[in-house]
Amino acid sequence: MLRNIPPRILRRMTYLERLDAEHRRREVRHFDRLRQVPPATGRFLAILAASAPGGRYLEIGTSGGYSTLWLSLACLEKKRRITTFEMSEDKVRLARETFRSAGIENLVDLVEGDARKHLKAYKRVSFCFLDAEKHHYLDCYNLVVPNMVHGGLLVVDNVASHREAAGPMVRKALKDGRVDALVVPLGSGLLLARRL
């Protein structure tokens, strides 16, 4: 999976990495800036998603589609699709361009709008990556976890870099009897929770 990434996906990953670096260099406003995981986190996500049990793949917070590209590798391997949610119109346009140029539009359902309005309808979740507005984390956690299959995985980004905003969700997960959970010191800090 990681040893034979399709060239179209690699090219788009490289483009988004350059765009993200440019946004950071120019100090683009936080909301407008691409918010994407580092490549090591992307590889970690792909391996976890490919290891998840049967069920639905979700991503909350698409941005430009960079993490979706990594997750698409698991989709290709497991012959699955992923549903991803994004609220920003500009980022939705960029993500659609990403999926077309990478040739993965047949693997991705992109939903424009607030994921919290849709998540109750998504049952049998086997893998979910959450990387959205940090003050929405606890709401998303509460909506996703009840719909996860046994052994399903929830991965939440930025729990170390945004400790205060992500804290309520992290504390709940670490005490939640429905999951095994730990914080992984990779990238900006990841919460990894496995549904019991």
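The values are calculated or read from the model by the stated rules, or taken from the named source; none is laboratory data. Given the structure is predicted, the values throughout are model-derived calculations rather than measurements. Don't worry about glycine lacking a Cβ; one is built from the backbone with ideal geometry, like all the others, and counts go over all protein chains shown.
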Restricting the search to region 169-183, which residues are in a helix (DSSP H, G or I), loosely packed, with under 14 Cβ neighbours inside 10 Å and of a type outside the set (Lys, Arg)?
none
Going through region 83-120 one residue at a time, which ones are at positive phi and touching a helix residue (DSSP H, G or I) at 6+ places or on another chain (Cβ under 8 Å)?
Gly103
Hits in region 84-95 (condition: in a helix (DSSP H, G or I) and either over 13 Å from Glu112 (Cβ atoms) or touching a residue at least 24 places away in the same chain (Cβ under 8 Å) (or both))
Asp90, Lys91, Val92, Leu94, Ala95
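Which residue, of Ser101, Ser126, is assigned to a helix (DSSP H, G or I), at pLDDT 95 or above and under 21 Å from Thr62 (Cα atoms)?
Sole residue among the options that is assigned to a helix (DSSP H, G or I), at pLDDT 95 or above and under 21 Å from Thr62 (Cα atoms): Ser101.
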When residues of region 84-98 are limited to those that are of a type in the set (Asp, Glu) and modelled with pLDDT of 95 or more, the one surrounded by the fewest Cβ atoms within 10 Å (Cβ to Cβ)
Glu97
Note: among Val155, Val111, just one is of a type in the set (A, V, I, L, M, F, W, C), closer than 17 Å to Ser88 by Cα, touching a residue at least 12 places away in the same chain (Cβ under 8 Å) and in contact with a Phe, Trp or Tyr (Cβ under 6 Å, 6 or more places away or on another chain), namely Val111
Within region 52-66, is even one residue surrounded by 20 or more Cβ atoms within 10 Å (Cβ to Cβ), touching a residue at least 60 places away in the same chain (Cβ under 8 Å), in a helix (DSSP H, G or I) and on the phi < 0 side of the Ramachandran plot?
no
Of the listed residues (Arg80, Arg43), the one being among the basic types (Lys, Arg), in a helix (DSSP H, G or I) and in contact with a helix residue (DSSP H, G or I) (Cβ under 9 Å, 6 or more places away or on another chain) is Arg43
Pair list, Cβ under 7 Å, 6 or more apart: region 135-148 residue under 16 Å from His118 (Cβ atoms), other residue aromatic (Phe, Trp, Tyr) and outside any helix (DSSP H, G or I):
Asn147/Tyr122
Here is a list: Ile5, Ile82, Ile47. Which entry is touching an Asp or Glu at 6+ places or on another chain (Cβ under 9 Å) and of a type in the set (A, V, I, L, M)?
Ile82
Residues of region 129-143 being modelled with pLDDT under 95 and not in a helix (DSSP H, G or I), in sequence order, are Ala132, Glu133
Could you list all residues from region 144-165 that are modelled with pLDDT under 95, in a helix (DSSP H, G or I) and either of a type in the set (A, V, I, L, M) or crowded, with 19+ Cβ neighbours inside 10 Å (or both)?
Ala165
Residue pairs qualifying under the 7 Å Cβ cut-off, at least six apart or on distinct chains, with the first in region 166-188 being under 21 Å from Leu45 (Cβ atoms) and the second being loosely packed, with under 14 Cβ neighbours inside 10 Å and not β-branched (Val, Ile, Thr), are Val179/Leu196; Asp180/Leu196; Leu186/Ala40; Gly187/Ala40; Ser188/Ser161
